[in-house]
Amino acid sequence: GGPIVNLDGEVIGVNIARAGRVASLALPTSIVLPVIAELKTGKLAPAVVNKARIEAIDLELADIDSKLNTLPSKKSNLETQFEIEKAKKEELERILKDVQDRLKIIELKSDNLGTELDSIKRTLKNIDKVREQLKSDREQLSTGVR
């Protein structure tokens, strides 16, 4: 990047790279000066060259900022709804457990009643047998036929 000066002290070029141990690459001032003049105009400034990309990024940032402004309230609303639904779920689970407990009690009572009913049916059957036997014995005793 250093200047190349002739014996009269005039700049005649600029070194741009090394080309080995003892050689260098250079650009003459006839090429460098017009580029410097164009750079001074500002037409090649990064903000000018990248204007379209910068505008696209600005639009995207504006969109993101708009989303960021609405998301906190949406988040808050969703958190509230989530807590409400969670409470409903817990209440329904409690009710379900209560119903299941009551169902177990009813099933137990039903089993006990079924067992008692079967016992009564057997007793009635036995009583009917004994009654029939007693009727038969009475008839035989009344008629004297055995």
Legend entry - Cut-off under 5 Å, modelled amide H: who pairs with A26 long-range: I16
Inset, instruction - Ignoring everything but the protein chains, give the 1.4 Å probe accessible area of V11 in square angstrom, nearest 10. - result: 80 Å²
Inset, instruction - Roll a 1.4 Å probe over the protein chains and send me the accessible area per residue for the range 1-93 in Å². - result: 85 Å²
Inset, instruction - Quick one: plug the Kirkwood hydrodynamic radius of the range 27-112 (C-alpha pairs) into Stokes-Einstein at 37 °C, 0.692 mPa s, and report D in µm²/s. - result: 162 µm²/s
Inset, instruction - Please tell me the relative contact order of the chain in percent, rounded to the nearest whole number, where contacts are Cα pairs under 8 Å and at least six residues apart. - result: 7 percent
Legend entry - Inter-part distance where the range 82-111 and the range 3-35 are each reduced to a Cα centre, Å: 91 Å
Inset, instruction - Once you have the Kirkwood Rh of the range 62-107 from its Cα pairs, apply Stokes-Einstein at 37 °C and 0.692 mPa s and quote D in µm²/s. - result: 245 µm²/s
Inset, instruction - Round to the nearest 10 and give me the degree value, 0 to 90, for the angle of helix 29-41's Cα axis relative to the longest principal axis of the chain. - result: 50 degrees
Inset, instruction - Hand me the trypsin sites (Lys or Arg not before Pro) from the range 8-47 located in a DSSP loop with no more than 12 other Cβ atoms within 10 Å, in residue order please. - result: R21, K43
Inset, instruction - Report ³J(HN,Hα) in whole Hz for each residue of the range 121-137, in order, from the Karplus equation J = 6.51 cos²θ - 1.76 cosθ + 1.60 where θ = phi - 60°; Gly and Pro get x. - result: 4, 5, 4, 4, 4, 5, 4, 4, 4, 5, 4, 4, 5, 5, 4, 5, 5
Inset, instruction - Quote the relative contact order of the range 1-40 in percent (integer), defining contacts as alpha-carbon pairs under 8 Å separated by 6+ residues. - result: 28 percent
Legend entry - Debye intensity ratio in log₁₀ form over the Cα atoms of the chain, taken at each q of 0.17, 0.20 Å⁻¹: -1.10, -1.20
Legend entry - Partners for K40 among lysines (Cα-Cα distance below 26 Å; same-chain residues under 8 apart left out): K51
Legend entry - Estimated vicinal HN-Hα couplings, Hz - the range 13-28 in sequence order (Karplus 6.51, -1.76, 1.60; Gly, Pro = x): x, 9, 5, 10, 6, 8, 10, x, 6, 10, 10, 9, 9, 9, 10, x
Inset, instruction - Using +1 at the Cβ of each Lys and Arg and -1 at the Cβ of each Asp and Glu in the chain, identify which of V130, L103, G1 lies farthest towards the dipole's positive end. - result: V130
Inset, instruction - Find how much the distance from L96 to S76 grows on full extension, using 0.36 nm per residue of separation minus their present alpha carbon separation; answer in nm with one decimal. - result: 4.2 nm
Inset, instruction - Could you look at the chain and say what percent of its accessible area is carbon and sulfur, using a 1.4 Å probe and all protein chains? - result: 60 percent
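The values are calculated or read from the model by the stated rules, or taken from the named source; none is laboratory data. Please read these numbers as outputs of a predicted model, since none were measured by experiment. Glycine also receives a Cβ, built like all others from the backbone with ideal geometry; neighbour counts cover every protein chain displayed. For accessibility, only protein heavy atoms count, side chains too; no ligands or nucleic acids. Shrake-Rupley method; radii C 1.70, N 1.55, O 1.52, S 1.80 Å.
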